[in-house]
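Taking it in order: structure first as structure tokens, then the write-up.
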Amino acid sequence: MSARELDAAGIQEPALRAAYRTCRRLNARHGKTYFLATRLLPVERRPAVHALYGFARWADDIVDDLASGATAEERTRALRGLQERLDEGLRRGTSAEPVIRALAHTGAVYGIDHRFFASFMASMRSDLTVTGYASYEELGRYMYGSAAVIGLQMLPVLGTVGPLEEAAPYAAALGIAFQLSNFLRDVGEDLDRGRLYLPADLLAAHGVDRDYLEWSRATGRRDVRITRVLCAAAAHNRGVYRDALPGLALLAPVSRPCIRTAFVLYSGILDAIEEDGYAVLHRRAVVPRVRRAAVALDGLVRALAARALAPRAGTGSVRNPPDGAATTPASAPGALAPPVREEVA
């Protein structure tokens, strides 16, 4: 993380600066799309975004990293340890663990409701035991913790032009839309992990079941019924994007280019899937680099224009509470953000 970002955010204590840099590295390595979008934010807001994403990425890696070779029992133990450190860090307002130190500081600065972190961790724990979902309603309960609360955590960081309550439903919807796109792109990889995020009733409506998806994944063979399932899932996902879209206008003007860019890039995953013939069981759909660059350039132009028009009072640094400051839930202006598991196409 650049010294300019940390200075602008009022973060001066050396260990805390190092903690935020750790979070930024996690974001840069894993969340390519949202890291790119975050660069469009005013500099003083970026460290908090990296802290929130860095923690979520860390927890998600415990659950999902196949390369680690960890057993289910080891993952459960690691997640339990993370929960204990998180609880202590939020209670004390600081931690010896860098990622939690940055997260606790961000939570204190922006008054983020600790219940959002609890809901996120509950969904991470469920990934260790739950392997499928009967319906979108059931999946939605899981996604509240895995995706919706990520957007709600971000609300105080980016700012809105109206009350938090107006932006919150759109923040939740956009977090869910982003994660649905990730789920559709990663169907094959998730089957390898022993999980499926396509609801069983959706499969059944098209004459497909989980075993048939696994057969297709294993053999490389395709079936029009599977394609219809994936088309239906994409249509559902696009509907959630439409539900979330009005929330962009509720954001603080200086934050809109970041979230708009993320919106276009994430929804572009669906376009890439369609263009690749819904072959997600066999290969990952990739958003072309040229398209990503064009979207990023448009976002940069919008961001520069927004900053030029923004009153200076609206872009100052955040307060910097001392180590050990307690965090209390508070209402604040808001914005929208994506879930974890990016490494976007």
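The values are calculated or read from the model by the stated rules, or taken from the named source; none is laboratory data. Because the structure is predicted, anything quoted here is derived from the model rather than measured. With ideal geometry, Cβ positions are generated from the backbone for all residues, glycine too; neighbour counts draw on all protein chains shown. Accessible surface areas use protein heavy atoms only, side chains included; no ligands, DNA or RNA. Shrake-Rupley method; radii C 1.70, N 1.55, O 1.52, S 1.80 Å.
Overview of results
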quantity: Positive-end residue of 183, 293, 264, charge dipole of the chain with Cβ unit charges; calculated: 293
quantity: Near-label residues of the stretch 248-280 by backbone N, under 15 Å of a point 7 Å along Cα→Cβ of residue 227; calculated: 273-280
quantity: Additional length obtainable on full extension of the chain from residue 283 to residue 298, 0.36 nm per residue less Cα span; calculated: 2.5 nm
quantity: Estimated FRET transfer efficiency (residue 65, residue 211; beta-carbon r; R0 30 Å; 0.05); calculated: 0.70
quantity: Computed over the chain: relative contact order in percent, which uses C-alpha pairs under 8 Å that are six or more apart; calculated: 30 percent
quantity: Degrees between helix 72-92 axis and first principal axis of the chain (Cα, 0 to 90, nearest 10); calculated: 20 degrees
quantity: Net charge of neighbours whose Cβ lies under 11 Å from the Cβ of residue 238, counting Lys and Arg as +1 and Asp and Glu as -1; calculated: -2
quantity: Residue list for the stretch 84-115, given a label point 7 angstrom along the Cα-to-Cβ vector of residue 77 and an amide N cut-off under 17 Å; calculated: 84-85
quantity: Inter-probe distance in nm under a simple model that places probes 7 Å from Cα toward Cβ, at residue 114 and residue 192; calculated: 3.9 nm
quantity: Sorted peptide list for 219-232, 248-261, 117-130, criterion being average Cβ within 10 angstrom, highest first; calculated: 248-261, 117-130, 219-232
quantity: Alpha-carbon centroids, the stretch 88-110 and the stretch 242-286: separation in whole Å; calculated: 31 Å
quantity: Surface share of carbon and sulfur [accessible, 1.4 angstrom probe, percent] for the chain; calculated: 56 percent
quantity: For the stretch 37-119, accessible area per residue (1.4 Å probe, heavy atoms of protein chains only), Å²; calculated: 36 Å²
quantity: For the chain, built as a Gaussian network whose Cα springs stay under 10 Å, the top-fluctuating residue of 153, 12, 83; calculated: 12
quantity: Placed amide H near residue 160: partners under 5 Å, 5+ positions off or other chain; calculated: 252, 334
quantity: Charge dipole (debye, nearest 20) of the chain; +1 at Cβ of Lys and Arg, -1 at Cβ of Asp and Glu; calculated: 1040 debye
